[in-house]
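The values are calculated or read from the model by the stated rules, or taken from the named source; none is laboratory data. From a predicted model like this one, the values you see are computed outputs, not experimental measurements. Cβ sites come from the backbone with ideal geometry, for glycine too, and all protein chains shown count toward neighbours.
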There are 2 protein chains.
Amino acid sequence: MLYGSIEAGGTKFVCAIGNEDLEIVERVSYPTTTPEETMSSVIEFFSQYQEELVAIGVGSFGPIDIHKDSETYGYITSTPKLAWQNFDFVGTLKKSFDVPVAWTTDVNAAAYGEYVFGNGKGLSSVVYYTIGTGVGGGALQDGRFIEGFSHPEMGHMMIVPHSDDDFKGNCPFHGNCLEGMAAGPAIEKRSGRKGQDIPADDPIWAIEAEYIAQCAYNTTLMLSPDVIIFGGGVMKQRHMVEKVHQAFKRLLNNYVKTPSLDKYIVTPALEDNAGTLGCLALAKNAELHAH
Amino acid sequence: MLYGSIEAGGTKFVCAIGNEDLEIVERVSYPTTTPEETMSSVIEFFSQYQEELVAIGVGSFGPIDIHKDSETYGYITSTPKLAWQNFDFVGTLKKSFDVPVAWTTDVNAAAYGEYVFGNGKGLSSVVYYTIGTGVGGGALQDGRFIEGFSHPEMGHMMIVPHSDDDFKGNCPFHGNCLEGMAAGPAIEKRSGRKGQDIPADDPIWAIEAEYIAQCAYNTTLMLSPDVIIFGGGVMKQRHMVEKVHQAFKRLLNNYVKTPSLDKYIVTPALEDNAGTLGCLALAKNAELHAH
């Protein structure tokens, strides 16, 4: 029995095969070009395992349609990537593979991976953010994703500009929302350098930490989760977690008693595997619930 | 078979009895003084119905301890109302009434009332805010409250000051958080008048609407709920809903497609009964789950 995982990102698709214990047995990646091209590669990859493949879990860039009773369930909807607008992702998979397909956002899949295997293990309420070329967030409570009319778009929450920051923000919709101020491209526009080339003592990191701490603050007051996990490129700067803790403590001002910060605001235990492992776990769930 | 409801607020306790159809058959209210005094009145009231009383639902001011495995489950914890700090609310009720007690926050109870009987009926994800002497929020998804290390404290989310507003905010913890800028006392300090005495065309309402719209914006991006219900004194100004819709539309800038605003950002269908009806419905649930 094998499970399939597709992490469908804006620049690449990571496909993997997992065994019954959800161990990754093979992994490949393909550039995100057109649905025809990319999905052909994806289908060819999984076809090798067709006899043993019992379910596929997909974590996709969005926005996506998650409503099972909708005519466009399983579609990528209004993405700025024109070739992928209104693409029937789940339907395309189902044409080649007659197996249950779990369908959620890329950040929800990573949240789920951390919930099952990582820093959310054993906890009830888990929130996962990725801070990279964009900012995205997903949350779950007792294994169910937080959602309603659609999946959340937490990366676009409002933030208050830092007093030393005159950058106007570059979100095409909201200007200086969290993504507009704190994602990789905002760091690059502000400083003319890529984040990984900026030394740890540069003042830009205090500004960045302030915005991530505001995100953690709002998340704490809106969801009171058991853990907030920050993944993505920016948090690979190992000095950031401590800076975020300090800024968060100042903002919260002891208003509520959170779990201790070294367990509450963390980076992913699974590092870059959170999404793939989450998709495999979701595939296994989908298979169990199909019976 | 009768159900009891206690809406425990900072200025008064509203106690009610409901029948099997959750219709309110009697209601009284007592001022919030000390636990000894107020709870004696509460217990005396319910004692009249002791033979038929099968469960009690409580929606309390907070913070409260909601963790069933905690030693202080059922307590009001770190409230600024000193007499009520560390008061064992559920334990005190249980000493007089050997019935299941449902225990949640006042705003969660109101959210639940709207979910069962009001503007959240038939929907999966419901958020309720009250904007009055303070700002509080509660949310539920498929009948379960959103919570983790504790219940949310949504009223203290960050907001971005309106360009025409030089008020510094009066939250003792966070200064210019939502509660510090938009609750009744903030309106009064800013204008020297009570909200109900300020005419609908006063510019202060555009500022107030902007803050409530920011709250709706963040709620939309964090939870994507099916409905956001704004109760409390401020929203009794009937002109406010339309002002909030306009400001929300501008802030969201068509980033996500919400339900139509007249169904998405609304006032409570149950008006001031949301909390009492929510407590009765929670009591009925607690009784059903006790078997």
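Does segment B:51-72 hold any residues that are over 16 Å from B:GLN85 (Cβ atoms) and within 23 Å of the chain's Cα centre (by Cα), and which are they?
Answer for segment B:51-72, where residues must be over 16 Å from B:GLN85 (Cβ atoms) and within 23 Å of the chain's Cα centre (by Cα): B:ALA55, B:ILE56, B:GLY57, B:VAL58, B:GLY59, B:ILE66, B:HIS67, B:LYS68.
Only one of (1) within 30 Å of B:PRO172 (Cβ to Cβ); (2) buried (at least 19 other Cβ atoms within 10 Å of the Cβ); (3) polar (S, T, N, Q) is not met by B:THR72, so which one is it?
(2)
Could you figure out which of (1) surrounded by 17 or more Cβ atoms within 10 Å (Cβ to Cβ); (2) within 19 Å of B:ILE64 (Cα to Cα) isn't true of B:PHE117?
Going through the list (1) surrounded by 17 or more Cβ atoms within 10 Å (Cβ to Cβ); (2) within 19 Å of B:ILE64 (Cα to Cα), B:PHE117 breaks only (2).
Scan segment A:213-250 residue by residue and report those that are within 13 Å of chain B (Cβ to nearest Cβ) and on the phi > 0 side of the Ramachandran plot.
Hit for segment A:213-250 is A:SER224, nothing else.
Give the residue that is farthest from the chain's Cα centre (by Cα), with candidates limited to residues of segment A:1-33 that are modelled with pLDDT of 95 or more and polar (S, T, N, Q).
A:ASN19
Somewhere in segment A:54-62, is a residue part of a loop (DSSP other than H, G, I, E, B), closer than 26 Å to A:THR130 by Cα, of a type outside the set (A, V, I, L, M, F, W, C) and in contact with a Ser or Thr (Cβ under 6 Å, 6 or more places away or on another chain)?
yes
Just for segment A:251-290: of the residues that are modelled with pLDDT of 95 or more, more than 14 Å from chain B (Cβ to nearest Cβ) and part of a loop (DSSP other than H, G, I, E, B), which one is nearest to A:GLN214 (Cα to Cα)?
Residue satisfying both the conditions and the ranking: A:THR267.
Within segment B:98-119, how many residues are touching a residue at least 12 places away in the same chain (Cβ under 8 Å) and not in a helix (DSSP H, G or I)?
9
It is to be established whether one or more residues within segment A:207-227 are at pLDDT 95 or above, more than 19 Å from the chain's Cα centre (by Cα), part of a loop (DSSP other than H, G, I, E, B) and farther than 30 Å from B:VAL227 by Cα.
No - not one qualifying residue is present in segment A:207-227.
When the residues of segment A:1-48 are filtered to those that are of a type in the set (Ser, Thr, Tyr) and touching an Asp or Glu at 6+ places or on another chain (Cβ under 9 Å), which remaining residue is farthest from A:GLY113 (Cα to Cα)?
Across segment A:1-48, the extreme among qualifying residues is A:TYR30.
Does A:GLY180 fit the bill of being over 13 Å from the mean Cα position of the chain (by Cα) and among the small types (Gly, Ala, Ser)?
yes
Kindly indicate which of A:PRO35, A:PRO100, A:PRO63, A:PRO80 is surrounded by fewer than 18 Cβ atoms within 10 Å (Cβ to Cβ) and either among the aliphatic types (A, V, I, L, M) or out of contact with any Cys (no Cβ under 7 Å at 6 or more places or on another chain) (or both).
It is A:PRO80.
Have a look at B:ASP262, B:ASP197, B:ASP226 and point out the one that is free of Cβ contacts under 8 Å to residues at least 40 places away in the same chain, within 18 Å of B:LEU123 (Cα to Cα) and not hydroxyl-bearing (Ser, Thr, Tyr).
Result of the check over B:ASP262, B:ASP197, B:ASP226: B:ASP262.
Which condition from (1) surrounded by fewer than 17 Cβ atoms within 10 Å (Cβ to Cβ); (2) at the interface with chain B (Cβ under 10 Å from one of its Cβ atoms); (3) not in a loop (DSSP other than H, G, I, E, B) is the one that A:PHE173 breaks?
Tallying (1) surrounded by fewer than 17 Cβ atoms within 10 Å (Cβ to Cβ); (2) at the interface with chain B (Cβ under 10 Å from one of its Cβ atoms); (3) not in a loop (DSSP other than H, G, I, E, B), A:PHE173 fails exactly one: (3).
Could you grab me the full set of residues in segment A:58-100 that are among the small types (Gly, Ala, Ser), within 19 Å of A:ALA111 (Cβ to Cβ) and within 14 Å of another protein chain (Cβ to nearest Cβ)?
The answer is A:GLY62, and nothing else.
Restricting attention to segment B:73-97, which residues are part of a helix (DSSP H, G or I) and under 14 Å from B:MET39 (Cβ atoms)?
B:ALA83, B:TRP84, B:PHE89, B:VAL90, B:GLY91, B:THR92, B:LEU93, B:LYS94, B:LYS95, B:SER96
Could you say whether any residue in segment A:8-18 is under 19 Å from A:ASP98 (Cβ atoms), in a strand (DSSP E or B) and free of Cβ contacts under 8 Å to residues at least 40 places away in the same chain?
Looking for residues that are under 19 Å from A:ASP98 (Cβ atoms), in a strand (DSSP E or B) and free of Cβ contacts under 8 Å to residues at least 40 places away in the same chain, one finds at least one in segment A:8-18, hence yes.
Give segment A:150-170 a look and list any residue that's away from chain B (no Cβ under 13 Å) and without any contact (Cβ under 8 Å) to a residue 40 or more places away in the chain, or say none.
Selection gives A:ASP166, A:PHE167, A:LYS168, A:ASN170.
Could you list, in sequence order, all residues of segment B:120-149 that are surrounded by fewer than 21 Cβ atoms within 10 Å (Cβ to Cβ), in a loop (DSSP other than H, G, I, E, B), within 12 Å of chain A (Cβ to nearest Cβ) and in contact (Cβ under 8 Å) with a residue 40 or more places away in the chain?
Scanning segment B:120-149 gives B:LEU123, B:SER124.
Take A:GLU210 and tell me if it is within 14 Å of another protein chain (Cβ to nearest Cβ), under 30 Å from A:ALA102 (Cα atoms), charged (D, E, K, R) and in contact with a His (Cβ under 7 Å, 6 or more places away or on another chain).
In short, no.
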